[in-house]
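First comes the structure, then the notes that go with it.
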Amino acid sequence: MELFLQQVLNGLTLGGVYSLVALGLTLVYGILHVPNFAHGAFYMAGAYSAFFIMTKLGLNYWWGMLGAAAVVALISVLSERLVFHPLRKAPYLHHMIASIGILLFLEAGAQAIWGADFHRMETPYTQLLEFGGLTLPAQRLLIIGAAFLLVALLQLFLKKTITGATIVAMAQNREGAALVGIDANRVAMLTFAIAGALAGMAAVLYAPINLVYTSMGNLVITKAFVIIVLGGMGSVPGAIVGGLIIGFAEAFGAFYISTDYKDIIAFALLVLILSVRPQGLFAKGAH
Amino acid sequence: MKLFSSTTGWLLLLALALAFPFLAGNDYHLTVMSTAYIYAIATIGLNLITGYTGQYNLAHSGFMAVGAYTVGILTVDHQVPFWIAFVLAGVVAAAIGFFVGLVSLRLKTHFFSIFTLCVGYIMYLLIEKWESLTHGTVGIIGIPAPPNIGSIDFTEPRPQYYLVLFFLVLSLWIMHRIVRSLLGRTFMAIRNGDDLAQALGINLMRNKLLAFMLSVFFAGLAGGLYAGFVRFIGPGVASVEHTFDMTMYMLIGGIGTLLGPLLGAIGVPWLTQYLQVLQDFRFVVFGPLLVILVIFLPYGIVGTWMNRKRRKEALAAQAAVPGSPREVSSIPAAKGATHA
């Protein structure tokens, strides 16, 4: 039973991180219909910014997270302005290739500055909490708490504020949103900023129990793609539920099936589900 | 004027390629060129499915790895003669491509790409983890070179170069035959619009699947050649970065043209050779270059040049016969734009 609960905890941790990354991806997709392959590089850039702030500037973990969110939001907005905006009328293939260009640039840039080594990120939350026979590492609890808090805040923002509503309106109908006077450029920039900040914070949350390295975003972003395809591209609840499904599938798969093959589980799940339902698990229309 | 679209242009290129070993300063240059040719063969394959048929397959390097590992496993672990293993490399890649294509080609536009990205990861992870079959992260060492033909020894750089060149020319010729045939026209019709192609009576699934299998067949053969040429392979062959590399070659040269991917696949490695400092950081330059190309020169060098030429010809024709319709461009103009 303890072991089972331990896997639930692992699933929640992974699911939280995946949900945060997938949320950003799905928001950007909703607005621009761009599958942003560079999102994983944003995630990586977040971890490196925090790493830089903590080791070189000597500030603490929370400043690291805040800085990462700001830096990645900036990178994200810049890439919208400089790359995706000029391409908004181009065929889909061009978006994808351009986003791959950004991805390659950021990865190579990080490697040029910090080298190919793996780095450890320090966290103030190293203690282990004992609770009814369960061992709860504080950092994992922090990830779960912070992820759910951020998801809840994002939901409130999208549902309860006018600015948030403009994002939802744009995602629902671009022309309609323009007709009621919503500035498409502003909304696109805002969405990219939010997506970037979420990716940056997710990276800083997860990095202490993983490591910081240049290709750290690759698996996470690919899984985030799996999540948003499963949950329906552009769907916010779909990204959250999908993130948790993949998180749990991986945690339990690693424990009950094989640690070696745990990274394959998400992809195998996608292949399986799309083989049976090409339109995705929760999507209403066909792709 | 019609230098590259005519036979003389291609023969000139072939003559240059044949003379290259005598012009090259050392064996190292030959090795660089041979490697570039191998990747050119794979890029030609990727161009068939992406440039001509409009489906961006992100698992392409995975299929190249399938070819490489087919040769590696068969020759090293099962003592199968190289040439049999080499043929099987293409066949196995195409067979796996059949099943992957059957599922993935039901998806459109970027869903297909995301799906194949995942397939590529599964291939990479399987190669890395399935140690009893693939030797895991250690890779396969000591793959035999192609056996001697007569007194030609394929461990020497020069015969190796000509061997690879032979397969490159063969691939280009086959690709030329395909794109000039009704089949090639069918693929381009699918690229220009699924619905339109279907309205013309084209069986979408069957033709996409055929394009996909042909495309990965080239990848498999390139992988097989790579295994026999480098004689050591690791899971890295399957990594998606190689697909990104090939995308770059294709895009710089000109997507959806015969010459473009070839130029890109040969030109870019040489450029990185001369920018030695950039070896590890080449994407600091090539990443933004990719973005700039996509924004300002989406048809690459060859595509832009051909479009310009075509426009000139059309203008000349229009001046001669007032009111005559312009020639329809065969360069991808707005593929996929209508079915987002």
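For region B:208-276 and region B:47-105, compute the distance between their C-alpha centroids and round to whole Å.
Taking the Cα centre of region B:47-105 as reference, the centre of region B:208-276 is 13 Å away.
Could you give the Stokes-Einstein D for the protein assembly as shown in µm² per second, using the C-alpha Kirkwood radius, 4 °C, 1.567 mPa s?
On the way: Rh = 25.7 Å.
Here the translational diffusion coefficient equals 50 µm²/s.
Using the Cα gyration tensor of region A:192-249, with a ≥ b ≥ c the square roots of its eigenvalues, what is the shape: rounded (a/c below 1.5), prolate (a/b larger than b/c) or oblate (neither)? Don't jump to the answer; show the numbers that get you there.
Details: a/c = 1.95, a/b = 1.45, b/c = 1.34.
Prolate shape, in that a/c is at least 1.5 and a/b is the bigger ratio.
Please identify, among B:GLY300, B:GLY139, B:GLY101, the residue showing maximal mean-square fluctuation in a Gaussian network model of chain B using a 10 angstrom Cα cutoff.
B:GLY139
Quote to one decimal, in nm, the extra length available between A:ALA152 and A:ALA70 on full extension: 0.36 nm per residue of separation minus the C-alpha distance between them.
Full extension from A:ALA152 to A:ALA70 adds 27.5 nm.
If I take every Cα pair under 8 Å that is 6 or more residues apart in region B:49-199, average their sequence separation and divide by the length, what percent do I get for the relative contact order? Numbers along the way, then the final one.
On the way: 128 pairs, mean separation 43.3, N = 151.
So the answer I get is 29 percent.
Considering chain A, what Rg and Dmax in Å follow from its alpha-carbon atoms?
18.6, 59
Round to the nearest 10 and give me the degree value, 0 to 90, for the angle of helix A:138-160's Cα axis relative to the longest principal axis of chain A.
Once rounded, one gets 20 degrees.
Using a/c under 1.5 as the rounded threshold, could you call region A:106-229 rounded, prolate or oblate? The axes a ≥ b ≥ c are square roots of the C-alpha gyration tensor eigenvalues, and prolate needs a/b larger than b/c, oblate otherwise.
In terms of gyration-tensor shape, oblate.
Determine the relative contact order of chain B: mean sequence separation of Cα pairs under 8 Å and six or more apart, normalised by residue count, in whole percent. Show your work: numbers first, answer last.
Details: 514 pairs, mean separation 98.8, N = 340.
Here the relative contact order equals 29 percent.
Shielding of B:285-297 by partners, i.e. mean partner chain Cβ atoms within 10 Å per residue?
6
Find the relative contact order for chain A and round it to a whole percent, using C-alpha pairs within less than 8 Å whose residues are 6+ positions apart.
Answer for chain A is 37 percent.
Once R0 is set to 41 Å, what does the formula 1/(1 + (r/R0)^6) return for the Cβ-Cβ distance between B:VAL87 and A:ARG81, expressed as a FRET efficiency to the nearest 0.05?
Efficiency at R0 = 41 Å is approximately 0.20.
Report, in degrees rounded to the nearest 10, the 0 to 90 angle that the Cα long axis of helix A:39-55 makes with the longest principal axis of chain A.
The two axes meet at around 50 degrees.
Tally Lys/Arg at +1 and Asp/Glu at -1 over every other residue whose Cβ is under 13 Å from the Cβ of B:MET248; what's the total?
Local net charge: -1.
Going 7 Å from the Cα of B:ILE292 toward and past its Cβ, which residues in region A:93-133 have a backbone nitrogen under 20 Å from where you end up?
Under cut-off, by backbone N: A:94-110, A:112.
When you look at the Cβ of every residue in B:180-188, what mean number of other chain Cβ atoms sits within 10 Å? Each step should come with its number before you reach the end.
Working: counts 0, 0, 0, 0, 0, 0, 0, 0, 0.
If you average over the peptide's residues, the count of other-chain Cβ atoms is 0.
Determine how many Å³ per residue the convex hull of the Cα atoms of region B:1-136 encloses.
On the way: hull volume 21.6 nm³, N = 136.
It is 159 Å³ per residue.
Can you list the HN-Hα couplings for region B:179-194, worked out from phi with the Karplus curve (6.51, -1.76, 1.60; θ = phi - 60°), rounded to whole Hz and with x for Gly and Pro?
Those phi angles translate into 6, 8, 8, 4, 4, x, 4, 4, 4, 5, 4, 5, 4, 6, x, 4 Hz.
Figure the gain on full extension for B:LEU18 and B:LEU275 (residue separation times 0.36 nm, minus the Cα-Cα span) and round it to one decimal in nm.
89.9 nm
If you bin the C-alpha pair distances of region B:21-320 every 10 Å from 0, what whole percents do you get?
Here the calculated profile for region B:21-320 is 6, 27, 35, 23, 8, 2, 0.
If r is the Cβ-Cβ distance from A:ARG88 to B:LEU196 and R0 is 22 Å, what FRET efficiency results, to the nearest 0.05?
0.40
With a 10 Å cut-off between alpha carbons and a GNM built on chain B, which of B:PHE283, B:PHE244, B:PHE112 moves the most?
Of B:PHE283, B:PHE244, B:PHE112, the most mobile in the Gaussian network model is B:PHE283.
If one takes the longest principal axis of the Cα atoms in chain B, at what angle in degrees, from 0 to 90 and to the nearest 10, does the Cα axis of helix B:240-253 lie?
Relative to chain B, helix B:240-253 is tipped by roughly 40 degrees.
Label points 7 Å out from Cα along the Cβ direction at A:LEU141 and B:ILE141: separation in nm?
With each label placed 7 Å out from Cα toward Cβ, I get 4.9 nm.
For the pair B:ASP27 and B:LEU182, how long in nm is the line joining their label points, each one 7 Å along Cα→Cβ?
Taking the two extended label points, one gets 5.1 nm.
Using a/c under 1.5 as the rounded threshold, could you call region A:57-122 rounded, prolate or oblate? The axes a ≥ b ≥ c are square roots of the C-alpha gyration tensor eigenvalues, and prolate needs a/b larger than b/c, oblate otherwise.
Because a/c hits 1.5 or more and a/b fails to exceed b/c, region A:57-122 counts as oblate.
Here are some pairs, A:LYS89/A:LYS159; A:LYS159/A:LYS223; A:LYS89/B:LYS309; A:LYS159/A:LYS262; A:LYS89/B:LYS312; which of them have Cα atoms lying more than 32 Å apart in this structure?
A:LYS159/A:LYS262
Can you pull the mean other chain C-beta count within 10 Å for peptide B:49-58?
Per residue, the number of nearby Cβ atoms from other chains is 2 on average.
Just so you know, all these numbers are worked out from the coordinates, no wet-lab data involved. It should be emphasised that the depicted structure is a prediction, and the values quoted were computed from it without experimental measurement. So basically every Cβ, Gly included, is an ideal-geometry build from the backbone, and we count neighbours across all protein chains shown.
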